[in-house]
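The values are calculated or read from the model by the stated rules, or taken from the named source; none is laboratory data. Since this is a predicted model, take the numbers as computed values, not measurements. Cβ placement follows ideal geometry from the backbone for every residue including glycine, while neighbour counts extend to all protein chains displayed.
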Amino acid sequence: MITSSGRSTIRSTVVVLATAALAVAGTVTVVARTTTAEAAGSVLAASSVEDEGADCPVPSGSSTSTSRLPDPFRKIDGTRITSKADWRCRRAETRELAERTIYGQKPAKPATVTGTVSSSSITVNVSDQGRSSSFSASVQLPSGSGPFPAVVVLGSLGADTSTIRSAGVAIINYDPFAVGREGTPRNNKQGAFYSVYGSSSSTGLLMAWAWGVSRIIDVIEQSGGNILRADAMGVTGCSRYGKGAFVTGVFDQRIALTMPIESGSGGVGAFRAIASESGAQPLSSAYSEQPWLGDAFSSYTGNPNGLPVDTHQMVGMVAPRGLFIMDNPHVDWLGARSGSVAALGGAEVYKALGAGDNITYWSDVQDGTHCATRSEWRTPLQQHLQKFLLKTGNAAGTFRISSRKAGNLAEWRDWQTPTLTDGPTNPPTTPPTSGPTNPPTNPPTTPPTTAPTTPPPAGGGCSASVSVNQWTGGFVATVRVTAGSSPVNGWTVAMSLPSGVSVTNAWNANRSGNSGAVQFTNVSYNGSIPAGQSTEFGFQGTGTGTGLSPTCAGR
């Protein structure tokens, strides 16, 4: 049983007052402020507040144990959201359930936050509930004149800092142990967070580390923006710091770009999937190694199916902001297959919000060294910095899943992604809903091409359209199946593949044949399509995928 009486009184009060103050100034934007890049067609929605949904009431409710990933679009009361505007409060429900069962509570902004920002350091002083603490971080500026975007690097171990600085982005080296120290028992936690909220706080280290980054952003906001820009912040970390970077981006909507690396159990990897992934660090080990996760998670280390949420929903909580997940398929302990499952599940939230181009998952790497600086990630790192922090680029996100650790979302969900009715109106091409087991060896070099979309049939039946991401020697095709004026209760899509084209993998559909005349039929959960609605499946092929012309027959 999961119950809740609503958001924390302190958090709600702070956000309501902040919202009221913004309303007086005439600048409230419920979802996000508009940027130049967004006006150009991208959905780049970092917020001006830490938690947009803090004023949302979260009702009491219960969760049913399930081995499948929970439906991220289903509210606690059992109904599903139908509009993009509904996501704000659905996200708030997800947040509170995650705090209560996985991470522990992240308190609202302390009563007093002060500090300084210089070209070499940031100091942070906090005071709340009659207690105070302080910590600091070092700063490395790039060449040129500021103010600069900045990436917080947890533990000086994250994405390639030379690439970040050469792009014109500052580095903030943050020691998370100053805020939440490892090597301490759960009933005597130490660090700046626990000096304020008590050494016996049930909040785990990952959330304490995230709280510390949020306070750094508070100080940057107060500094006047002459050196660093609070509206262009990123966060990264690898291994345990990758766990912390992920949680930081999930729980502070001011962070425009989140970049966790090889975060393993307690990080991006879906808890339900980790429990069945051979060689992955067990949940009990991740819980007991350090007090990373909240104390309440002890009830779920042997029963992840009882969790009301899973990490695919944490991925979804980052949406529509930038998310670049980097994983290592060569070390079983890191659970990269479970990471791909969570990323694929969370990508469905991005897709529903019209922000599918804002998420990247990349585990197709050659070097198996833990936390290595990899050449495969250099270009996408530069592209993400340009797009989300510098606002000078618009590269699409991509999924490059290693065949060594490829997850299959179809095995983990029994829900479909809804078509939400409002919000961003320019959804870009989205990643496939299940990972190719044979990922491309080279990233796409040409933009996706889309066959002309045929209107739904006037009567019953269905229509099909296809979009293709092509690269040298291969492609991924995404096929949209749309019902006519009557519901469809099962469908078959047929297409003739050009000479030299062969299907190597398919997801969200069964297939008959790999070359020539190929047929795809629905799987158990996507055969029923309401009138006028759509579902999607995909496949990967060798050769050139241009000129595909699918036809659809419904039942």
Look at segment 398-418 and say how many of its residues are in contact with a strand residue (DSSP E or B) (Cβ under 6 Å, 6 or more places away or on another chain) and charged (D, E, K, R).
1
Verdict on Val518 being surrounded by 16 or more Cβ atoms within 10 Å (Cβ to Cβ), in contact with a Phe, Trp or Tyr (Cβ under 8 Å, 6 or more places away or on another chain) and not in a loop (DSSP other than H, G, I, E, B)
no
Within segment 184-287, helices (runs of 4 or more DSSP H) holding 2 or more residues that are in contact (Cβ under 8 Å) with a residue 40 or more places away in the chain and of a type in the set (Val, Ile, Thr)
205-222, 240-251
Gly346 vs. criteria within 16 Å of the chain's Cα centre (by Cα) and either in a helix (DSSP H, G or I) or modelled with pLDDT of 95 or more (or both):
yes
Filtering segment 292-313 down to residues that are part of a helix (DSSP H, G or I) and either out of contact with any Ser or Thr (no Cβ under 8 Å at 6 or more places or on another chain) or among the small types (Gly, Ala, Ser) (or both) yields Ala296, Ser298, Ser299, Pro304, Gly306, Thr311, His312
Scanning segment 352-386 residue by residue, those of a type in the set (D, E, K, R), part of a helix (DSSP H, G or I) and surrounded by fewer than 24 Cβ atoms within 10 Å (Cβ to Cβ) turn out to be Glu376, Arg378
Please determine whether any residue of segment 198-206 is surrounded by fewer than 22 Cβ atoms within 10 Å (Cβ to Cβ), out of contact with any helix residue (DSSP H, G or I) (no Cβ under 8 Å at 6 or more places or on another chain), assigned by TED's automatic domain parsing to the domain that holds Pro149 and of a type outside the set (A, V, I, L, M).
yes
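Each row is one residue, and each column tells you yes or no for (1) in contact with a helix residue (DSSP H, G or I) (Cβ under 6 Å, 6 or more places away or on another chain); (2) among the small types (Gly, Ala, Ser).
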residue: Glu277; (1), (2): yes, no
residue: Ser288; (1), (2): no, yes
residue: Phe297; (1), (2): yes, no
residue: Gly306; (1), (2): no, yes
residue: Met314; (1), (2): yes, no
residue: Leu323; (1), (2): no, no
residue: Asp327; (1), (2): yes, no
residue: Ser338; (1), (2): yes, yes
Scanning segment 379-393 for residues that are more than 12 Å from Val169 (Cα to Cα) and touching a Lys or Arg at 6+ places or on another chain (Cβ under 9 Å), which turns out modelled with the lowest pLDDT?
Gly393
Give me the pairs: first residue in segment 330-345 and in contact (Cβ under 8 Å) with a residue 24 or more places away in the chain and over 13 Å from Trp412 (Cα atoms), second residue in a loop (DSSP other than H, G, I, E, B) and among the hydrophobic types (A, V, I, L, M, F, W, C), beta-carbon distance under 6 Å, and six or more apart or on different chains, which are they?
Gly335/Ala280
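Here's the yes/no breakdown for (1) under 13 Å from Asn173 (Cα atoms); (2) outside the structural domain of Ile227 (by TED's automatic domain parsing); (3) not charged (D, E, K, R):
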| position | (1), (2), (3) |
| --- | --- |
| Asp128 | no, no, no |
| Arg131 | no, no, no |
| Gly146 | no, no, yes |
| Pro149 | no, no, yes |
| Val153 | yes, no, yes |
| Ser156 | yes, no, yes |
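Test Phe324 against the stated conditions and say whether it is assigned by TED's automatic domain parsing to the domain that holds Ala159, under 25 Å from Met233 (Cα atoms), assigned to a helix (DSSP H, G or I) and modelled with pLDDT of 95 or more. Show your work before the answer.
Values: assigned by TED's automatic domain parsing to the domain that holds Ala159: yes; under 25 Å from Met233 (Cα atoms): yes; assigned to a helix (DSSP H, G or I): no; modelled with pLDDT of 95 or more: yes.
Considered against the rule, which asks whether it is assigned by TED's automatic domain parsing to the domain that holds Ala159, under 25 Å from Met233 (Cα atoms), assigned to a helix (DSSP H, G or I) and modelled with pLDDT of 95 or more, Phe324 comes out as no.
Condition check ((1) surrounded by fewer than 23 Cβ atoms within 10 Å (Cβ to Cβ); (2) in the same structural domain as Ile171 (by TED's automatic domain parsing); (3) more than 19 Å from Val151 (Cα to Cα); (4) basic (Lys, Arg)) across all residues:
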position	(1), (2), (3), (4)
Lys243	no, yes, no, yes
Ala256	no, yes, no, no
Glu262	no, yes, no, no
Ala280	no, yes, yes, no
Gly302	yes, yes, yes, no
Val309	no, yes, yes, no
Answer yes if at least one residue in segment 542-549 is in a strand (DSSP E or B), crowded, with 20+ Cβ neighbours inside 10 Å and not charged (D, E, K, R), and no otherwise.
no
Would you confirm, using the coordinates I've provided, whether Ala336 is at pLDDT below 95, in contact with a Pro (Cβ under 6 Å, 6 or more places away or on another chain), assigned by TED's automatic domain parsing to the domain that holds Ser200 and not β-branched (Val, Ile, Thr)?
no
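Just checking, how many residues over segment 514-555 are on the phi > 0 side of the Ramachandran plot and at pLDDT below 90?
We begin by selecting, within segment 514-555, every residue on the phi > 0 side of the Ramachandran plot; these are 516, 532, 543, 547.
After this cut, where a residue has to be at pLDDT below 90 as well, the list is 532, 543, 547.
So the answer is 3.
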